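Bear in mind these aren't lab numbers, they're just calculated from the coordinates by the rules spelled out. Not measured: the values here are computed from a predicted model. Here the Cβ is made from the backbone with ideal geometry for all residues, glycine too, and neighbour counts use every protein chain on show.
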Amino acid sequence: MRFEKAFIPLGLAWSTPFAKWQGPLAELSSLDMAEDVTRRALADRQVDPAELTEWALGMTVPQPTAFFGVTLLARKLGAGAAGGPWIARACATSAAVVEHLATQVELGAHRATIGVLTDRTSNGPLMLYPSQRTPGAAPIAEHWVNDPMKLDPTTGQSMNDTAENTAADAGFTRAQLDDLTLLRYEQYRASLVDDRAFQRRYQVPVTVPGPRSKPPTVVEEDWGVFPTTAEGLARLSPVKPGGVVTYGAQTHPADGAAGVVVADADRAAAMGRDGGAVQILATGFARATPAFMPKAPVPAAERALRDAGLTIGDVDVVTTHNPFAVNDLWFSRETGFPVERMNPYGSSLVYGHPQGPTGARAIAELIEALVLRGGGVGLFTGCAAGDSAGAVVVRVG
């Protein structure tokens, strides 16, 4: 979908640090986390929540009181007259939220909007579905977070299987996957230089209330990132016997939140850092061959670029949601975009994947990477469950 009137005010795309599941954010509802982080993010950027007249909640894992959706957050944060949808598109949720908000602005329905993205994979809910057809009317159980990773009901294959299928189709070797993983880790380390100077451009800490009278815990940096070396990767066994994908060459589930404001040109300039605004050029969604999920970001990116009137040759920086190292190898092979110019400050492969907000963090990193290079065209693309993917194209002037 092409856009001409939708902008992200500079500095108004943010993310928390991500914490590996069952870590310091495990007991904090993702809705409470979103409330805390969004309040401070807007206050620090001197944005009145009441100015934001359309809200969208991007969340894939149900939480207590989630039935009330975005109206809960809008009211608690002082924008009680505003509402909007709860959007869940698996790991492409962030791209779907950006598209929804940009559409509202493009059509003139709203001048300033916000997407609140949050998820907690820790302590995922166990869903019990009553059934009169089971012995003794015993409920049918589903673990909301774990079970989808193991089985796509349309193909009978797991997420890991889709990476192995793609690697086999392309002839990728174990060495190629390990080399790409090590590159992404070294790029992530670049975001930590000078006391995390790059990450501080967009990150907002999370405050976790303490038990009883104890002080709160503040999570200021990513938690659970495993130090990666060539020797350590070489020692790992494949997840699937005879395969090439190890746990080192794939992401880990995580907890986190993010946010993005989308506004028209005038409002974005008034709200943005130093009057700056990032134009949203297009979004795109696509699906790949069943059981080949890592391939999907390519057609999603191609669709977004086509709608923007651009080609991959016009793109200066690419960030990806890459739950498997295979994703970026396939993208580079199909598009010709060098892997070294992708994810210059790391990616979800390294710092984890809390599902809904993962893409929003990658978009925030994309914007800041473009700012540091003096502007240009950026592409975010990432896969999602069901062999699908979403993409967003932006321009920093």
For segment 44-159, averaging the sequence separation of alpha carbon pairs under 8 Å that lie six or more residues apart and dividing by its residue count, the contact order in percent is 25 percent
Net charge (Lys, Arg +1; Asp, Glu -1) of residues whose beta-carbon lies under 9 Å from that of Lys20, Lys20 excluded, is -2
Sorted on mean Cβ neighbours within 10 Å (highest first), peptides 388-394, 236-242, 176-182 come out as 388-394, 176-182, 236-242
The answer for the net charge of residues other than Ala389 whose Cβ lies under 12 angstrom from its Cβ, with Lys and Arg +1 and Asp and Glu -1, is +2
Everything considered on the Cα gyration tensor (a ≥ b ≥ c; rounded for a/c under 1.5, else prolate if a/b is larger than b/c, else oblate), segment 157-223 must be described as oblate
One finds the C-alpha centres of segment 282-318 and segment 346-397 to be spaced, in Å, by 12 Å
Distance in Å, no decimals, from the C-alpha centre of segment 18-52 to the one of segment 63-99 is 13 Å
Sorted on mean Cβ neighbours within 10 Å (highest first), peptides 213-220, 359-366 come out as 359-366, 213-220
Mean Cβ-within-10 Å packing, highest first, puts peptides 145-153, 280-288, 162-170 in the order 280-288, 162-170, 145-153
Per residue convex hull volume, Cα only, segment 1-128, in Å³ is 116 Å³
For segment 269-355, averaging the sequence separation of alpha carbon pairs under 8 Å that lie six or more residues apart and dividing by its residue count, the contact order in percent is 23 percent
Charge tally for neighbours of Val244 with beta carbon under 14 Å away, counting Lys, Arg as +1 and Asp, Glu as -1, is -3
With only helices counted (DSSP H, runs n ≥ 4, each -39500 (n - 2.57)), the per-residue ellipticity at 222 nm for the chain, to the nearest 500, works out to -9500 deg cm²/dmol
Between the residues Leu366, Val47, Trp144, the Cα farthest towards the positive end of the dipole of the chain, that dipole coming from +1 and -1 charges on the beta-carbon of Lys, Arg, Asp and Glu, is from Trp144
Under the rule rounded for a/c under 1.5, else prolate if a/b exceeds b/c, else oblate, using alpha carbon gyration tensor axes a ≥ b ≥ c, segment 56-179 is classed as oblate
By the C-alpha gyration tensor axes a ≥ b ≥ c (rounded if a/c is under 1.5, else prolate when a/b exceeds b/c, else oblate), the shape of the chain is rounded
Percent relative contact order for the chain, counting Cα pairs under 8 Å at least six residues apart, stands at 28 percent
